Amino acid sequence: MLPGDSQAPPWKGGAHSVEESPEIVRKNLKIEKTPILWLTKVRDRNAVSPTRLEFLLQTMVDFMRKTDDPKVIFLDGVGYLILENGFVPVFRFLTTLKDYTALYNTVVIVPLREDGLDEKTVNLMYREFERMRFQS
């Protein structure tokens, strides 16, 4: 939903995984209740190391299971996850996450910055996952 849009979003809950600190994200997006996980090697209450893919997956699946209502997860930082883990483990993580979304009425949005990825990787990602296109 865009700022100023009066139509309610179709989901009831949301979660974010981001590369910035949760306090900055909350302030910039003006959100209060949405759970935010910070992908970082810094030890913090809401931080998850980018190398802990299994823990990150389980945390997201636990969020999905909380309710039958539609949910959305915004997973920012895939490039960071690839840098820390390599492409194959992150691709497996994302495909497993995608499988869970079908079971638990969840949409996962993953911004993909092509400039840091090779063409083969980008093509594989677009072949496996639905691509959202935004109108300007």
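Structure values in brief
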{"read-out": "In the stretch 64-78, residue farthest from residue 108 (Cα to Cα) [restricted to those that are open to solvent by less than 50 Å² (accessible area, probe 1.4 Å) and part of a helix (DSSP H, G or I)]", "value": "78"}
{"read-out": "Subset of the stretch 86-117 (residues that are surrounded by fewer than 16 Cβ atoms within 10 Å (Cβ to Cβ) and in contact with an Asp or Glu (Cβ under 8 Å, 6 or more places away or on another chain))", "value": "95, 98, 105, 111"}
{"read-out": "Candidates 108, 42, 61, 122, filtered to the one that is out of contact with any strand residue (DSSP E or B) (no Cβ under 8 Å at 6 or more places or on another chain) and either at pLDDT below 85 or outside any helix (DSSP H, G or I) (or both)", "value": "42"}
{"read-out": "Scope the stretch 45-58; condition open to solvent by 40 Å² or more (accessible area, probe 1.4 Å), in a helix (DSSP H, G or I) and not aromatic (Phe, Trp, Tyr); matching residues", "value": "54, 58"}
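The values are calculated or read from the model by the stated rules, or taken from the named source; none is laboratory data. Predicted model, so just to flag it, every value in this text is computed and none were measured. Cβ: placed from backbone, ideal geometry, glycine included. Neighbour counts: every protein chain shown. Each accessible area value is taken on the protein alone, full model and side chains, heavy atoms only, with ligands, DNA and RNA left out. Shrake-Rupley method; radii C 1.70, N 1.55, O 1.52, S 1.80 Å.
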